[in-house]
Amino acid sequence: MNNSPTPPIVLTIAGFDPSCGAGIAADLKTFAMHDCYGVAAITALTIQSTQGVKAVQPVAHATLRAQLDALAEDFEIAYVKIGMLANRGNAVAVAEFLDQAGLSRVVLDPVINPSSGGAELFDSSGVKFLREEMIKRVAVITPNLAEAEVLTGLEVKDVPAMKAAAQKLVQMGARAAVVKGGHLDKPIDVLFDGVETVTLGGEQVKSGHTHGTGCVFSSAIAAQLASGRALAEAVTLAKAFVTKAIEHGHAIGKGPGPVNPFFRFRLDSPSRAGRPDLHTMHPAAEPTLR
């Protein structure tokens, strides 16, 4: 008889990266490392590597919806993470699914263009739908600086602008927003939950292995929330997790190597005894209220 507790089930809706550094593969690795069970609906097949995205083949809208319906019929989904949607048709299919399934516990990573360059990951009409409709259906949205600019129309180059963008994203319909400042001199993220603004500091990790950073961060937030943590704590722990994943990134490929959500395995003893808590393995800066 199996007496193991049932883990929270987290659904990722995203694209497939053949190098497995980002997208669906990165999400599932991250869920597993947070003791969640990941299920996935693929929005697009990409031709990419650590050197960039060469092409994108979106999945048919009906196929994406069929994947989602099959999963919802079989599983009790604790949380949803949305990444790359590819086009407006897929975005509409996901929005309709969320409405009909009654799923509002959603983290949205608004993937628009790849950080490594290459093919467009979301068409312009899809971005418009995300801005006007999808954002109203999510608990948390996690744009980087460039994505925050596209969504809000604001120039977002520093922390005060990040705070303004986070507040505007909540005004646009999200229940909370995390604007990521990983490309700043110091990687500061800004969380606004509709009431308070929390600034999360940190030290810049000297590593070229950053492929998949945004996917891992948003997936870690979703997993933490699915496990019952409060939002500010979930974001703080997710930031600590992705920092450690970058520190232990893989030096593979000819471009920026992938982050390593499995970093804990490198740090465990061979016997697996006394396994350290993954949430205490990096001195994440204490959040400050503003």
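Looking only at residues in the range 23-56 that are within 14 Å of residue 262 (Cα to Cα) and of a type in the set (D, E, K, R), which one is surrounded by the most Cβ atoms within 10 Å (Cβ to Cβ)? Filtering first and then ranking leaves 27.
All conditions but one from (1) under 25 Å from residue 12 (Cα atoms); (2) touching a residue at least 12 places away in the same chain (Cβ under 8 Å) apply to residue 124; the one that does not is (2).
For the range 64-79, the count of residues that are under 23 Å from residue 239 (Cβ atoms), in contact (Cβ under 8 Å) with a residue 12 or more places away in the chain and out of contact with any Ser or Thr (no Cβ under 7 Å at 6 or more places or on another chain) is nonzero. Give just the number: which of (1) part of a loop (DSSP other than H, G, I, E, B); (2) without any contact (Cβ under 8 Å) to a residue 40 or more places away in the chain; (3) within 16 Å of the chain's Cα centre (by Cα); (4) crowded, with 18+ Cβ neighbours inside 10 Å does residue 135 not satisfy? Of everything listed in (1) part of a loop (DSSP other than H, G, I, E, B); (2) without any contact (Cβ under 8 Å) to a residue 40 or more places away in the chain; (3) within 16 Å of the chain's Cα centre (by Cα); (4) crowded, with 18+ Cβ neighbours inside 10 Å, residue 135 misses just condition (1). Tallying residues that are modelled with pLDDT under 95 and more than 16 Å from residue 143 (Cα to Cα) within the range 180-209 yields 11.
For the range 89-102, does any single residue satisfy the condition of being under 24 Å from residue 264 (Cα atoms), in contact (Cβ under 8 Å) with a residue 40 or more places away in the chain and not polar (S, T, N, Q)? The answer is no, given that none of the residues of the range 89-102 is under 24 Å from residue 264 (Cα atoms), in contact (Cβ under 8 Å) with a residue 40 or more places away in the chain and not polar (S, T, N, Q). In summary, residue 53 fulfils each of the numbered conditions (1) in a strand (DSSP E or B); (2) over 20 Å from residue 214 (Cβ atoms) with the single exception of condition (2). When 175, 264 are screened for being out of contact with any His (no Cβ under 7 Å at 6 or more places or on another chain) and at pLDDT below 95, only 264 passes. For residue 222, the conditions (1) modelled with pLDDT under 95; (2) in contact with a Phe, Trp or Tyr (Cβ under 9 Å, 6 or more places away or on another chain); (3) of a type outside the set (S, T, N, Q) all hold with the exception of (1). Taken together, the residues in the range 96-110 that are over 11 Å from the mean Cα position of the chain (by Cα) and either surrounded by fewer than 16 Cβ atoms within 10 Å (Cβ to Cβ) or among the hydrophobic types (A, V, I, L, M, F, W, C) (or both) amount to 9.
If only residues of the range 138-153 that are part of a helix (DSSP H, G or I) and of a type outside the set (S, T, N, Q) are counted, the one that is nearest to residue 192 (Cα to Cα) is 148.
The values are calculated or read from the model by the stated rules, or taken from the named source; none is laboratory data. Please read all numbers here as calculations on a predicted model, not as lab measurements. FYI the Cβ positions are ideal-geometry reconstructions off the backbone, even for glycines, and counts take in every protein chain you see.
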